[in-house]
Amino acid sequence: MPPTIADIAVPIKQNKTFHYAVPEEMASSLAVGSRVLVPFGSRRVTGTVTGFPGQAGREGLKKVIEVLGERLSPELMQLAHWMSDYYLHPLGLSIETMVPRALATAKVRKNRSLRLLDGDHDMGRVRGAKQSELLFKLCDRQVIPFEDLGAYSAATIRSLVGKGMAEIIEEDEVPGSGDEAFTPDRPPELMPGQADAVREIGAAVAAGAFAVFLLHGVTGSGKTEVYLRAISQLRGTGKGSIVLVPEIALTPQLLGRFRSRFGGRVAVLHSGLTDRERADEYRRIGAGLVDVAVGARSAVFAPFPAVGLVVVDEEHEHSYKQDEGLRYHARDVAVVRAKFQDAVCVLGSATPSLESAYNARTGKYRMLTIADRVDHRPMPVVEIIDLRTLPKAPVISPALAAAAQQRLAKKEQTLLLLNRRGFSSVLICGDCGNAPRCPSCSVSLTFHKSVGLLKCHYCDFQRTPPETCPVCGGAGLKPLGAGTQKIEEVIAALFPGARIARMDSDTTRGRDAYDRLLGRVDRGEIDILLGTQMIAKGHDFPAVTLVGAVDADVGLNLPDFRSSEKTFQLITQAAGRAGRGDVAGEVVIQTMNPSHYALRHSRTHDYDGFYSEEIAYRTELGYPPVRRAVKIEVKSGQEKTAAGAAKTARDRIRALLTGRETTLLGPAPSPIARVRGKYRFQMLLLSPKRETLRMLALEARKAVEDKFRNKVQVIVDVDPVNLM
Ligand code: ADP
Ligand code: ZN
C-alpha cells in the first residue's frame, strides 16, 4: 500500500514531528529522508520525511505541497537522529544543519548534459531530421548541456539515448574540477612508518567494518600520503571517502595534492563557495561522480550514497566544533557517521587531542604511530629563552633577534608566532608570568574591574587581587598579553630592511586574501611572517627554517582547563612548520615559565610525556576526557534577568543531584561577560555518565524556559570546547 500519511520534521525549535497527508501522485516518490515543501502555520517550509505512521486519521491533515529533489540517505537520517539526541537539539533543525542552504530552500535544478557515447554511429539508424541534426551536433561537440538543447524535444533526446548513441550525465562544470588535462602524479614510495599505517588501515577498509584509528604522526611524517592511499583503495568500489581538514588548511596547495591524484573526481566544500557552487558539489557527491569529498567541518555530511572512509586531519583542531546552533563536533560526528556506514575512520594529528589519545589508550580507538619525518629529515631544534633572566623582559630577546638576522642574511624565512590577542582580564605576574588560579578549579582567575575582584568563571570563587604574586612573591600583577600592536612595531624596527607580513583573521578576511598571502610566502616574497595561531596550522612552508614563539605565556594562562594542551599543540604545530625543506629547522620559545610541562615536552617533541602529566591533572580535577562535560549558558539583555535565570538552572540541578560522581561548577559570569549587549552566565556540569548530564541539562533548560519564557536564551553545549 502506498503511504497516505507522512511524519515530517520541520525546522522549528520544538523537538517534534508533524503528520501530513500525502497526495496520491506523490506516494511512489516519497521515502524516509525525502525533502518536501509543506505548509506550516502561515508559511511554507522545507521538511524531511521521518516515517510513515499508517493510514488512519488522514482527514483534516494538511497536504504535502511538493517533493524536492534530493533525498537523505538512511545513514544520514540515522546521523540526524543521533545528533538531535546527543546534542539535545531539535531534529528538524539538526537535519537543516546537514543540508546546504541552496538545497534546503529551492527545488533542485539539475545541471544535465547529453554526451555522445563511443561507437560507430550509423546515421541510418536515426529517424527524422531533428534526430540526425542532434547526432551530428553531438559528434561535433561530444557533450551538450541541456540548456542548449531547447530546439529538441524530449522524445528526440530519449530516442538517441534509447539507441545507445548518447547518455544523459549530471556532471556539473564546476570550475577547476574537470578531468580534461589530468595526468596523475606518481605516488612516492612509502616510508616504513607510512607503509605500516597504510597496511593496517587498508586491511580495515578491505574488511568493510567499522573501525577507528588514531594516526599519531609527527609533523612532516607524511600523513596526507597515508590518507591518499586509503582513498585510492576505495576507487571503483562505489564507496566514497570524506576528508575533513580545518578550514584554514584547505589551501590550493593541499587541494592540488588531491587533484593530482584523483583528477576531477574530487569535490571541495569550503566556506568560500557560493550557495550554488556548494549545491553543485553536493549533487556531484550524491550522484557518485566523485571519489572523495574534501572540506571543512560540514563536509562530514557529504551525501555519498555509500561511504568507506572518513578522515579527520588535524583532529585536535577546535575549529571542528561548531559554536552556534547545533553545537556539533565534526570529529565526533565523523566517528559516528563511520559507524553508521560500516566505514573506517582515521583521526590524524601530530598532537592528538586528549580526548582521542585517551580513547586510544583505553582501547576504543586503534593507535598508529609514525615517529619519523619523511626522508628522515631531523625534527627542529627547540630552544627555550627564559625571559626572567633578561633585563626588562624584551619583546624580542637578543637570541631570537640574532637567529632571525641570520635567516635574513641567508634568504631563508622566519615565522613569528604572536599567540592569540591579549586577554586583558587575566592578570599575570610581571616577574614570573604566572596568573593567580582558582584553588578548586585550577584555572586562571579573571579580573572584574567594576567590582575590583578576581573571579573563577567555573565555580564563581572570588577574591581581591593579591598585593604580591602568590607564586614568586613579586610585586605587580598586570594584564595578560596586552600590546600585540607594540610587538609588531618592535619587530618592524628591529628588522628595517625585511619584508614583513602579518597573517591573522583581520588581514586575511576571506579565502582569497588568505590564499594570496600564502602564495607570497611560497614564492619567497616575504622574509618574516607574523601571525596568530593561524600561521601554525597545517601549511607546508619549505623555505621556513626559523619559528619564534614570542609570547608563549599568554596561552598558558588563559582561563580554560585546556590552556596547557592548547599551548603544547600550538608550539608543536608551529615548530612543525620549521625545516620541512632541505635545511634543518630551529625553534625559539620565549617564556617566563620555562619549566612549565607544556613547554618542556614541546622542546623534546615528547607527546607521551605531555600526555601523562596532562591526564594526571585532568583526572585529579575530573575534567574531560576523564569525565564528560556539558556547558549551560544563559543570556539576556538584562544582567539581573541573566543572573536570575542562572540561579533557576542551578537550583533545579542541585535538587536533582545525588552522589559525588556528578558535579556542578558555577554558575558564574562568563569570562567575556557581555557579548553584543547580552549578559552571559555559564555553568559546567561534569559527570562520567552521559545520561545523567543529559537529564540535568534538559531539566535545567526547561526550568529556565518555563519561568523566563523568551526573556532568556538558554544554550546547552555538549562537550564544550569554548569555555570563554
Ligand atoms: P604531515 O601532514 O604528516 O605533516 P605531509 O603529508 O604534509 O606531512 O608530508 C610532508 C611532505 O612530505 C609533503 O611535501 C609530501 O608530499 C612529502 N611526502 C610524503 N610522503 C612521502 C614519501 N613517502 N616520500 C617522499 N616524500 C613524501
Ligand atoms: Zn573555581
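Within region 21-48, residues that are over 21 Å from Met98 (Cβ atoms) reach partners that are open to solvent by 10 Å² or more (accessible area, probe 1.4 Å) and of a type in the set (S, T, N, Q) with beta carbons closer than 6 Å, at six or more positions or on different chains, in the pairs Val22/Thr4. Within region 670-695, the set of residues being within 16 Å of ligand 2 (Cβ to nearest atom) and open to solvent by less than 20 Å² (accessible area, probe 1.4 Å) comprises Ser670, Pro671, Gln682, Met683, Leu684, Leu685, Leu686. If you filter region 478-494 down to residues that are modelled with pLDDT of 85 or more and touching a strand residue (DSSP E or B) at 6+ places or on another chain (Cβ under 9 Å), you find that the one that is most open to solvent (accessible area, probe 1.4 Å) is Ala492. Among residues belonging to region 448-459 that are in a strand (DSSP E or B) and surrounded by fewer than 20 Cβ atoms within 10 Å (Cβ to Cβ), point out the one that is nearest to the chain's Cα centre (by Cα). The selected residue is His448. From the list Ala629, Ala598, Ala645, Ala655, the lone residue that is crowded, with 21+ Cβ neighbours inside 10 Å and over 18 Å from Tyr358 (Cβ atoms) is Ala645.
Scanning region 302-345 for residues that are acidic (Asp, Glu) and within 16 Å of Lys364 (Cβ to Cβ), which turns out nearest to the chain's Cα centre (by Cα)? Step through it out loud before you land on a result.
Let us first name the residues in region 302-345 that are acidic (Asp, Glu), namely 313-315, 317, 323-324, 332, 342.
Checking which are within 16 Å of Lys364 (Cβ to Cβ) leaves us with 315, 332.
Numbers: Glu315: 8, Asp332: 10 Å.
Across region 302-345, the extreme among qualifying residues is Glu315.
Within the span defined as region 402-416, every residue fails to be under 30 Å from Arg674 (Cβ atoms) and not hydrophobic (A, V, I, L, M, F, W, C). The residues on offer are Leu254, Leu269, and the sole one that is modelled with pLDDT under 95, open to solvent by less than 10 Å² (accessible area, probe 1.4 Å), in contact with a strand residue (DSSP E or B) (Cβ under 9 Å, 6 or more places away or on another chain) and of a type outside the set (Ser, Thr, Tyr) is Leu269. Where helices (runs of 4 or more DSSP H) fall entirely within region 509-608, those with at least 1 residues that are more than 24 Å from the chain's Cα centre (by Cα) and in contact (Cβ under 8 Å) with a residue 12 or more places away in the chain are at 511-522, 552-556, 597-603.
For residues that are assigned to a helix (DSSP H, G or I) and among the acidic types (Asp, Glu), scanning just region 179-229, find the one that is nearest to ligand 2 (Cβ to nearest atom).
Here is the first cut: in region 179-229, the ones assigned to a helix (DSSP H, G or I) are 192-207, 223-229.
Imposing the further condition that a residue be among the acidic types (Asp, Glu) reduces the set to 196, 200, 225.
Details: Asp196: 45, Glu200: 43, Glu225: 45 Å.
Among residues in region 179-229 that are assigned to a helix (DSSP H, G or I) and among the acidic types (Asp, Glu), the one nearest to ligand 2 (Cβ to nearest atom) is Glu200.
Comparison of Arg603, Arg577 shows that the only residue that is touching a strand residue (DSSP E or B) at 6+ places or on another chain (Cβ under 7 Å) and open to solvent by 30 Å² or more (accessible area, probe 1.4 Å) is Arg603. Of the strands (runs of 3 or more DSSP E) entirely within region 619-724, those holding at least 2 residues that are charged (D, E, K, R) occupy 628-636, 678-687.
Give region 253-287 a look and list any residue that's more than 16 Å from ligand 1 (Cβ to nearest atom) and among the basic types (Lys, Arg), or say none. I'd like the intermediate steps shown before the answer.
If we filter region 253-287 for residues that are more than 16 Å from ligand 1 (Cβ to nearest atom), which is where we start, we get 263-287.
Answer for region 253-287, where residues must be more than 16 Å from ligand 1 (Cβ to nearest atom) and among the basic types (Lys, Arg): Arg265, Arg276, Arg278, Arg283, Arg284.
Within region 372-410, if we keep just the residues that are open to solvent by 50 Å² or more (accessible area, probe 1.4 Å), charged (D, E, K, R) and under 35 Å from the mean Cα position of the chain (by Cα), the residue that is nearest to ligand 1 (Cβ to nearest atom) turns out to be Asp375.
Pick from Asp179, Asp172: which is open to solvent by less than 70 Å² (accessible area, probe 1.4 Å), charged (D, E, K, R) and at pLDDT below 80? Give the steps one after another, and end with the answer.
On the way: Asp179 fails: open to solvent by less than 70 Å² (accessible area, probe 1.4 Å).
Selected residue: Asp172, the only one of Asp179, Asp172 that is open to solvent by less than 70 Å² (accessible area, probe 1.4 Å), charged (D, E, K, R) and at pLDDT below 80.
Within region 346-355, if we keep just the residues that are more than 15 Å from the chain's Cα centre (by Cα) and closer than 19 Å to Pro624 by Cα, the residue that is surrounded by the most Cβ atoms within 10 Å (Cβ to Cβ) turns out to be Thr351.
Here is a yes/no grid of residues against (1) aliphatic (A, V, I, L, M); (2) within 16 Å of ligand 2 (Cβ to nearest atom); (3) in contact with a Lys or Arg (Cβ under 8 Å, 6 or more places away or on another chain):
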| position | (1), (2), (3) |
| --- | --- |
| His376 | no, no, no |
| Asp386 | no, no, no |
| Gln406 | no, no, no |
| Asn419 | no, no, no |
| Leu445 | yes, yes, yes |
| Phe461 | no, yes, yes |
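Taking every residue in region 210-239 that is touching a residue at least 60 places away in the same chain (Cβ under 8 Å) and pairing it with any residue that is of a type in the set (Lys, Arg) and surrounded by fewer than 22 Cβ atoms within 10 Å (Cβ to Cβ), at least 6 positions away or on another chain, the pairs with Cβ-Cβ distances below 6 Å are Phe210/Lys339; Phe213/Arg366; Gly220/Arg373; Gly220/Arg580; Ser221/Arg373.
The values are calculated or read from the model by the stated rules, or taken from the named source; none is laboratory data. Because the structure is a prediction, the values reported are computed rather than measured. All Cβ positions, even for glycine, are placed from backbone atoms using ideal geometry, and neighbour counts span all protein chains on display. Remember, those area values only see protein heavy atoms, side chains included, never the ligands or the DNA or RNA. Shrake-Rupley method; radii C 1.70, N 1.55, O 1.52, S 1.80 Å.
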